[in-house]
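This report concerns only the one structure given below.
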Amino acid sequence: MGPLLWILLVLVGIAGGIGTGFWITRNWLTKTIRLEIEREISQSSLSAEEILSTAKKEAKDLLKAAHLDAKEKAQKIYEENQRELNRQRDENKRLETRIEKREENLSAREEQFSKREDRLREKEAQVHAKEGEVDKLVVEQQEKLFEIGRLTETQAKEQIFGDMERKYRHDLAQMFKTLKDQYEEDAEQHARWTVSIAIQRHASEIVNEATVNTVSLPSDDMKGRIIGREGRNIRAFEKITGTDLIIDDTPEIVVVSCFNPLRREIARRSLEKLVLDGRIHPTNIEEMYEKSKGEVYRIIKEEGQNALFETGIKGLHGELVKLLGRLKFRTSFGQNVLEHSIEVASFAGMMAAELGLNAERAKRGALLHDIGKAVDHEVEGSHALIGAELAKRYGEKDDVINMIQHHHNEVDPLTPEAVLVAAADALSAARPGARRETVDLYLKRLELLENIANAYEMVEKSFAIQAGRELRIIVQPEKVDDALAEKMAFDIAREIEEKVQYPGQLKVTVIREKRATAYAN
């Protein structure tokens, strides 16, 4: 073979190898690409399934949430509808009840109308019967007139009066008895009230100030011993007794000051014992205080029992007896309150006996009328109301409690005895020598009260009454209404508190009265 052939064969082989390699390469690339494409398709299929699964899951969750939300909304709507239904039912029940009541009222009215018609028929029948009787009587009277025409005037009067007396004898007797009993009862009651009120109006006069306790000393040197080193003794005394010692330049006198009269009395006795003993130091002060305290409480019990014995009152609670005894150490305007209470009981009992009232009940209420003053330094309020509360607590009856409340016009009286107790209280306080305030000072205070009230516009007149315990103010009714009257009373009361010194409570009453007058010519 020649070289060209070999070259040709070589080229053919190379071309064949290239072609075969190309074919093999193309097949391999095609297979590789197909596998890659299949793998990507498989992966895409898996991603799509995951996405579909996730979407289904999310859709299921959304559906579940939507279902729950719809269920909650449906429940709310159901509850709202149920509430509205219940409200409608309640409203319907109320309407049914009202309708039933109206029906009952209508039925009752129908029954009433039916009864009225029956009564009217009965009355109509009675009227017809009376008409028949009247016609019969007219005929009889005409016949009698013919007979009377033949009688003299005297005989006619005697016959007429005799007929009337025989016909209405029982009715006249019954009417006379009824009127007699009624007038006797009214006259007796009116007489009692008239006399009681007259006594009360007559008995109100003078008032005064309270006293203080003093202790006499053997010498002024004792003042230094009472004060002690650096004030040790006086501080201990004031702390133990609850009082104040006033030591000034007054020779051989020490003043014991305290609002509570019982503490003041115990302190006075303790100081007198210390001065008599001569040993003044905190330990001895406490010892003397306990001794004096025991003495005072024994005296309290004895004085309470003596008051009951003197007034003849029985069955009083033990605590009330002790409170009565405490009044021995209480003064009001210089007047001992226990002696004042005994005196009031005596006055009230005598007046009640004279008027035919219950003297024992009047004395009981009178003796207890100031019982509230035994604790009025410890409890806030009017002593009349405090005393009434104490009496109620310890079993006193309502009429006695009313006497205690009424003696300063805290409430209206329920019995004539309550008025007598107030009158006896005023008599005891007002009798000459009972209290130490001069008439001039008393009148000045009343005048000051009236001047305070008269300074207000629209005030016509003012009157200080009840020994200055009440101020009554008459205003112009066309200018002062109810609301303004209340404010005026409040303002005047506040001004009196600032400018006037007075005992206990002072009542301010504003009165507005409208009168209409016309004249017939």
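What follows is calculated from the coordinates using simple rules that are stated; it is not laboratory data. All values reported here derive from a predicted model rather than from experimental measurement. Don't worry about glycine lacking a Cβ; one is built from the backbone with ideal geometry, like all the others, and counts go over all protein chains shown.
Normalised by the number of residues in segment 457-502, the mean separation of alpha-carbon contacts (under 8 Å, six or more apart) gives a relative contact order of 27 percent. Taking amide H atoms as placed 1.01 Å from N in the peptide plane, the amide H of GLU460 lies under 5 Å from those of ILE474, VAL475, GLN476, each 5 or more residues away in sequence or on another chain. The ASP481 and ASN105 beta-carbon pair, evaluated with R₀ = 35 Å, returns a calculated FRET efficiency of approximately 0.35.
Computed from label points 7 Å out along Cα-Cβ, the spacing between GLU498 and THR214 is 3.6 nm. Calculated FRET efficiency, THR154 to GLU133, Cβ-Cβ distance, R0 = 41 Å: about 0.85 to the nearest 0.05. Relative to the current alpha-carbon distance between GLU339 and ARG34, full extension at 0.36 nm per residue lengthens the span by 96.3 nm.
Potential lengthening of the chain between ASN306 and GLU124 amounts to 57.9 nm, from the contour at 0.36 nm per residue minus the alpha-carbon distance. Computed extension length for LYS322-ASP398: 25.2 nm, one decimal, from 0.36 nm per residue of separation with the Cα-Cα distance subtracted. Between ARG298 and LYS239, the FRET efficiency from the beta-carbon distance, with R0 = 22 Å, is close to 0.35.
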